[in-house]
Structures are given as structure tokens and as C-alpha cells.
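Here's the structure we're looking at; comments come further down.
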Amino acid sequence: MKNILIIGATGQIGSELTMLLRKSYTGNVVAGYIPGAEPKGELKESGPSAIVDITNSQQIADAVTKYQVDTIYNLAALLSAVAENKPQLAWKIGLGGLFNTLEVAREKNCAVFTPSSIGSFGPGTPKDKTPQDTIQRPKTMYGVTKVSGELLSDYYFTRFGVDTRSVRFPGLISYVTPPGGGTTDYAVDIYYSAAKGEKFVCPIAAGTYMDMMYMPDALRAAIEIMEADPAKLVHRNSFNIASMSFEPDTIYQNIRKYLPGFEMEYQVDPLRQAIAESWPNSLDDTCAREEWGWKPEYDLDAMTTDMLAKLKERFGH
């Protein structure tokens, strides 16, 4: 990777990935954004940015040409719960946008990273230690776009030689960007409530296990997969990656070790709960470990101590 374009650079993953890549690469790391979601502060000042609406293939091509881009991180997507309310838009961004990106990559010889998700699995998928290659029949528009994206990316690799790579992200937990409508966002919200000294109202039912990951591990995975030796990649789109799996009470009890007075109650959101129940409890990431050396650095306790410290600092507690 020499010159990198990040589409969706002001989103949950993009805002942090852009900054991390700018620390690692001497070339251009271009923050692609849409009007109304402009880069601010350090993100704006630390490198170039360009208006890149993923539904506009000309804007993608113009940015790639102007900055001599060789690698595109395509992070434009609606989150799972939002996508259920806006399925047409989710398809337009998730699949139409990916198609635009892959076409530009084919013409301009770029590598492309497009994240998939645990949402690409469905109720028929084995729940525990979900295999790398297994049935994927999701029941959400978010999931449908993710499976279709995996297949389309593989097609562009086998048919046109476009260097496409991807990981299936679990729920991502971060102290930088506030949550924005994902099914796993409760695991971010709970830390915000704890750090602010508020009672947490949990929208996911007790006993609902989901795979989760701390954002620093997720960002590292996104970079390491693109730096991996292509000769060793048996799979491409998309690798299971994992670091921890828990249900709401597990994270609640972990936080109470540090904040004994913290309280939680349940008010289950039927939409998010239905989505959560259709997803795996845990993923088997053996292929990622074997093919490009994936290894997480954070477990639940390490994440909790870091999240609480960072958020308390922010809220002045």
C-alpha cells in the first residue's frame, strides 16, 4: 500500500482507521467523505480529503486518479438496525457502491478491502465456533448485502484479477466514535453509561451471546490482511476473525469489578434482538490465523479497563 483512499472515512471504523494509516504510511491517505459528514479536527488537518460518494463512480475514479491510489478501503455501509428501516438505501450503498468501487479498481489496478460481518450469517448457520466456510443465508438486508459483497469481491478477483480482501467483523467496541444503530452497539453504550455514572438500559436479552472485538484489534486486522502475502491466501472474501464472545451479563459483571455501584436493567428491543438471535455466538478464525497470522491482543478484561479509563478521561469523572 502506497497511496490509500478510504471511502466512508468519517464513520465508526473509517475515522480511526484513517488516523492509524496516516501514522504508518508516508504516501497519501485520502479521507473520502460525503457532504454533511465532513472530516473535522485532526482527521481534517492530518491529510488530504475528497468528496467521494460511493454511489458516484466518477467521484471514486477522480480521487483514485488525482492521488494515484493503489489501495481502496471501502467502508461505506448502513449499520444493521438502520439498514432494516432503509433496505433500498442499504442495497444502493452496500452493493451498488461496491460494484462502483470494484469497477474503478479493475480499470485503475487498485486493491480493495470491503469489510463483511457476522451479519453475513443467518439462523441456519452453526452457532458456536462458526466455520470459515459454511451456510450463509441471512434474514436481514444488512446481511444480504454482506454475503453478496463477499461473492462479488471474489468474482472480481477470479474473473478480473482485482486484489480483493476482506474480514468478517464481529461487533466492534470503541471509545472514539459514538454508536450509530448497530445490533452490537449495546456493548459500546454500556461503557458510556458506566463512565457517566448512569444506569444502563440493555436492549439485548440476557443470555444472548455475540462475537465482539475491541476496535484496536479490528483496525489492525484491516491493515494486516491488506499487507499479507497474497501467495498464502487460500481465502479472500471473507475471513472470520475473533477475539471474544459474551452476553450482556458477562460485560455488566466485568464492569462492576471496577465500578461496583453500576446498575443495569433490560428493556429488549424486538428488532435488534431478532437480528442478534440470527447471528453466531462465536466464530472459528483458524483460517485467518493460518493464512495471514491473525491474532487478537485484547480480551474482555483488557478492553474494559482501557474503555473505562478513556471514557472517564473524556467525561471528566
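Odds and ends about this structure:
- Check on Val64, over 18 Å from Arg236 (Cα atoms), buried (at least 20 other Cβ atoms within 10 Å of the Cβ) and touching a Lys or Arg at 6+ places or on another chain (Cβ under 9 Å): yes
- Segment 288-304, residues that are open to solvent by less than 30 Å² (accessible area, probe 1.4 Å), more than 19 Å from the chain's Cα centre (by Cα) and hydrophobic (A, V, I, L, M, F, W, C): none
- When the criteria are applied in full, Arg106 fails the requirement of being in contact with a Ser or Thr (Cβ under 7 Å, 6 or more places away or on another chain), under 19 Å from Met226 (Cα atoms) and either open to solvent by 10 Å² or more (accessible area, probe 1.4 Å) or not in a helix (DSSP H, G or I) (or both).
- Considering the conditions (1) part of a strand (DSSP E or B); (2) open to solvent by less than 10 Å² (accessible area, probe 1.4 Å), Leu98 is excluded by exactly one of them, (1).
- Within segment 233-258, being within 16 Å of Thr164 (Cβ to Cβ) and not aromatic (Phe, Trp, Tyr) holds for Leu233, Val234, His235, Arg236, Asn237, Ser238.
- Some residue of segment 164-173 being within 16 Å of Gly143 (Cβ to Cβ), among the polar types (S, T, N, Q), open to solvent by less than 10 Å² (accessible area, probe 1.4 Å) and part of a helix (DSSP H, G or I): no
- Conditions (1) in contact (Cβ under 8 Å) with a residue 60 or more places away in the chain; (2) farther than 23 Å from Tyr214 by Cβ; number of the one not met by Glu38: (1)
- Scanning segment 191-221 for residues that are of a type in the set (Phe, Trp, Tyr) and either open to solvent by 50 Å² or more (accessible area, probe 1.4 Å) or in a helix (DSSP H, G or I) (or both) gives Tyr191, Tyr192, Tyr209.
- Selection within segment 137-158: residues that are in a loop (DSSP other than H, G, I, E, B) and under 18 Å from the mean Cα position of the chain (by Cα). The member of this set that is surrounded by the fewest Cβ atoms within 10 Å (Cβ to Cβ) is Thr140.
- Extreme residue, surrounded by the most Cβ atoms within 10 Å (Cβ to Cβ), among residues of segment 1-40 that are over 16 Å from the mean Cα position of the chain (by Cα), small (Gly, Ala, Ser) and modelled with pLDDT under 95: Gly27
- Hits in segment 131-164 (condition: modelled with pLDDT of 95 or more and among the polar types (S, T, N, Q)): Gln132, Thr134, Gln136, Thr145, Ser148, Ser153, Thr158, Thr164
- Taking the conditions (1) touching a residue at least 24 places away in the same chain (Cβ under 8 Å); (2) more than 27 Å from Tyr73 (Cα to Cα); (3) charged (D, E, K, R) in turn, Arg256 satisfies each one other than (1).
- Matching residues in segment 235-268 - criterion: being of a type in the set (Asp, Glu) and open to solvent by 50 Å² or more (accessible area, probe 1.4 Å): Asp249, Glu263, Glu265
- Enumeration of residues in segment 41-61 that are open to solvent by 20 Å² or more (accessible area, probe 1.4 Å) and among the β-branched types (Val, Ile, Thr): Ile51, Thr55
- Count of residues meeting criterion [surrounded by fewer than 24 Cβ atoms within 10 Å (Cβ to Cβ) and farther than 19 Å from Gly94 by Cα] in segment 67-80: 3
- Pair list, Cβ < 7 Å and 6+ apart or interchain, from segment 81-94 residues that are within 21 Å of Ile204 (Cβ to Cβ) and open to solvent by less than 20 Å² (accessible area, probe 1.4 Å) to residues that are β-branched (Val, Ile, Thr) and not in a helix (DSSP H, G or I): Ala83/Thr140
- Residue satisfying all of: in segment 91-136; of a type in the set (Phe, Trp, Tyr) and within 19 Å of Leu172 (Cα to Cα); nearest to the chain's Cα centre (by Cα) among these: Phe113
The values are calculated or read from the model by the stated rules, or taken from the named source; none is laboratory data. Computed from a predicted model, the values in this text were never measured in an experiment. FYI the Cβ positions are ideal-geometry reconstructions off the backbone, even for glycines, and counts take in every protein chain you see. The area values use the complete protein model at the heavy-atom level, side chains included, leaving out ligands, DNA and RNA. Shrake-Rupley method; radii C 1.70, N 1.55, O 1.52, S 1.80 Å.
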